[in-house]
1. For segment 37-78, enumerate the residues that are of a type in the set (S, T, N, Q) and either part of a helix (DSSP H, G or I) or under 26 Å from Val155 (Cα atoms) (or both).
2. State all residues of segment 79-118 that are open to solvent by 30 Å² or more (accessible area, probe 1.4 Å), in a loop (DSSP other than H, G, I, E, B) and among the hydrophobic types (A, V, I, L, M, F, W, C); if no residue qualifies, say none.
3. Please specify each residue of segment 418-454 satisfying the condition of being farther than 15 Å from Leu397 by Cα and β-branched (Val, Ile, Thr).
4. Kindly list, by first and then second residue, each pair from a residue in segment 667-679 that is under 16 Å from Ile640 (Cβ atoms) to a residue that is small (Gly, Ala, Ser), limited to pairs with Cβ atoms under 7 Å and residues at least 6 apart or on different chains.
5. List the residue pairs whose Cβ atoms are under 7 Å apart, where the first residue sits in segment 513-527 and is under 13 Å from Ala436 (Cβ atoms), the second is of a type in the set (Gly, Ala, Ser) and surrounded by 16 or more Cβ atoms within 10 Å (Cβ to Cβ), and the two are 6 or more positions apart or on different chains.
6. Considering only segment 220-241, state which residues are in contact with a helix residue (DSSP H, G or I) (Cβ under 9 Å, 6 or more places away or on another chain) and either modelled with pLDDT under 85 or aliphatic (A, V, I, L, M) (or both).
7. Which one of the conditions (1) aliphatic (A, V, I, L, M); (2) assigned to a loop (DSSP other than H, G, I, E, B); (3) closer than 15 Å to Leu53 by Cβ does Ala125 fail to meet, given that it meets all the rest?
Amino acid sequence: MRSLRLSLVILFVAVLLPILIFATVQALIATRQERETFESNTQGRVKQVIEELDRQLYGEIKVLQILSYSELLDTASLARFYEQTQRVVATEPNITHILLAEPGTGRQLFTTLRPFGTQLPNLIARDRLTEAVSTRRPVISGILAQGSVTRKPLVSVWVPVVRDDHSVPYGLAAVFDVNSLKRLLLADNIPNSWTGTLLDRAGLVIVSTRGPEELIGTAAPAGMREALASGQLEGIYSGALVDGVETITPYYTSRLSGWSVHYAVPRDEIEGPLLRSSLITFGTGGLSVLAALLLAGLVARDIAQRRRAEQTLEESQRLEIVGRMTGGMAHDFNNLLTVILGNLEIAAKRVKADARATQALQVALGAVERGSHLIQQLLAFARRQPLQPRAVAVNALVRKMMPLIKQAIGSQIEQTYRLEGSPDWCLVDPAQLESALLNLAINARDAMPNGGKLTVRTRSVEVDRAAPQIEIAVADTGVGMAPDVVDKAFQPFFTTKEIGKGTGLGLSQVYGFIQQSGGKVAIESKIGAGTTVILRLPAAAEAAVAETMAGITYAVAGATRVVLLVDDEADVRATIAATLREHDYEVLEAVDGSAAIDRLMSGGPIDLVICDVAMPGGVNGVEVAREARRLRPAVKVLLISGDPSAAVDSAAGAPEFPRLSKPFRQADLMRELGAMLAG
């Protein structure tokens, strides 16, 4: 009997032990995967909060940039501009007030919190205003514990008011109450036991969902500061709250503002339920075969989840590989195009007498420019930049835009183009002009929901003999506008479209661009008779046209200048060197950053350094530029790059150095060098 019992026990153990082992293993796997899923979901929530915050901040930046174009600032009509900013504050729930300040003194000219003309104190903190003025870019501040007027904690967005002569007479700021940012965190409906914290780039608390208001503006807990100091934009770390509760904290950092959101989750909320679930699974697995079947189902579910996770990971890895390949291809192709473009321009100068050869070379030059544009499209490298006006053949630009306009407005609208005017060259930023034309075409489409006719007309006009202009008219046969609507059409945020179908910024952006380009814009419209928007831009001078067509030699007064040319691509280096020597520069060459620094330390004369950004050998172009500035303070440095991502990184990390993207024409290079030496 005892032997039978022993046999039964052995049999039971032999049957049960594998089940228990299997159940234990599955419980551990489930525990790990559940934790990973929980952390992933929480990380996603943090990222969504940051993305919503970025959308709000970017929207306020666009509002300030549009206001900075106001002609009232040019005429010193600050009282009327003050009224305009009050209207904007009334429509923007996140903005508590807008202020205008002088960059040099920090003197506040007005704030919408006080009547115009009120004597105001100087700004308490001017560092972000100074940064915005020096970089000519919008700047988002950190937490300021006490404003000069409100005496409350606040954050602000600064935009420099840049005029046509590149001066910055004013700084324009939108100010937010931190409570509006706290509402953004609370809108995510996190559990009461969690702590959501928003930090600025310096690791100071902007808002927190838990804790007293005295925390605002103070240093964050050590764990949060260590996470920021790691340099990682996102991640998960373990730490403890002030009350000693151990936490697991996912965080995500905004690329736009440098702010970060941290969700501190008590460790027990993650690990406690998972541990209890594992014990229950283990117990039920040892009781019966039914538990084993249940575990089999769990295994199947876990396998399916793992496969989906692996598929997601593989897809993300494929996208990352494609992105890296595209960036590498852009770098290599732009280097190749630099070599081709430089040699074509050299050849074009030497065969001027041969008309057929010159024509063939011009076709090839055009193909190089189209190739460069195609690479930019492939990388989706589209961001707002300061205007870069040059001589543009308007009729050629409109012809290039025809397929894009047709795709944007659809086949139900008939298109007509009357491209007159000769010459048709105007001085304008071509990318911004293309954007304006597309914007006007889309507005025309929206005015003709049942179809109609779109007409684009160009011609050369003379308002007076001293000011020839190029006129571009975009006309539709749509519903038209009443006179009071025409009067308001260029005002920011004014729209007649339904809610959600228009921002009211399209025509105001066109107006700002045309005004900044030295032109005029007008609207002719009647109810039921359609609308015509007329753009007039200054015609390009003959010198600017000649520069665009063939390039200009920029002479530098005095003795021949010595240029140190640094590029790891031999063909690129040889082509640029040939261009420089044709323009009477003496060229010293270096194959990488280390060789360039050795040249700089050698003591020979060097007036200019032209350096590629991305180079092998451990020393990149930015490091060479800074070492050149340290060793020889008088030397001028120009950074060049064929990799758009490297160019963006260098712009963010070294804004003090001018940059030129490959491929570039000889005229672009000579213009940049001439400007640097003249400055």
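1. Taking segment 37-78 and keeping what is of a type in the set (S, T, N, Q), we get 37, 40-43, 48, 56, 65, 68, 70, 75, 77.
Hits for segment 37-78 are Thr37, Ser40, Asn41, Thr42, Gln43, Gln48, Gln56, Gln65, Ser68, Ser70.
2. Once the filter is applied, which keeps residues that are open to solvent by 30 Å² or more (accessible area, probe 1.4 Å), in a loop (DSSP other than H, G, I, E, B) and among the hydrophobic types (A, V, I, L, M, F, W, C), segment 79-118 yields Leu113, Phe116.
3. Matches in segment 418-454: Ile442 only.
4. Qualifying pairs under 7 Å: Ala667/Gly551.
5. Close Cβ pairs satisfying both conditions: Phe513/Ala436.
6. Hits for segment 220-241 are Ala220, Ile236, Gly239, Ala240.
7. The single condition Ala125 does not satisfy is (3).
Conditions tested, residue by residue: (1) basic (Lys, Arg); (2) assigned to a strand (DSSP E or B); (3) open to solvent by 30 Å² or more (accessible area, probe 1.4 Å).
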residue	(1), (2), (3)
Lys152	yes, no, yes
Val157	no, yes, no
Arg163	yes, no, yes
Leu185	no, no, no
Arg210	yes, no, yes
Glu214	no, no, yes
Ile248	no, yes, no
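The values are calculated or read from the model by the stated rules, or taken from the named source; none is laboratory data. None of the values given here were measured: they were computed from a predicted structure. Note that we place each Cβ from the backbone using ideal geometry, even for glycine, and neighbour counts take in every protein chain shown. Heavy atoms of the whole protein, side chains included, go into the accessibility calculation; ligands, DNA and RNA do not. Shrake-Rupley method; radii C 1.70, N 1.55, O 1.52, S 1.80 Å.
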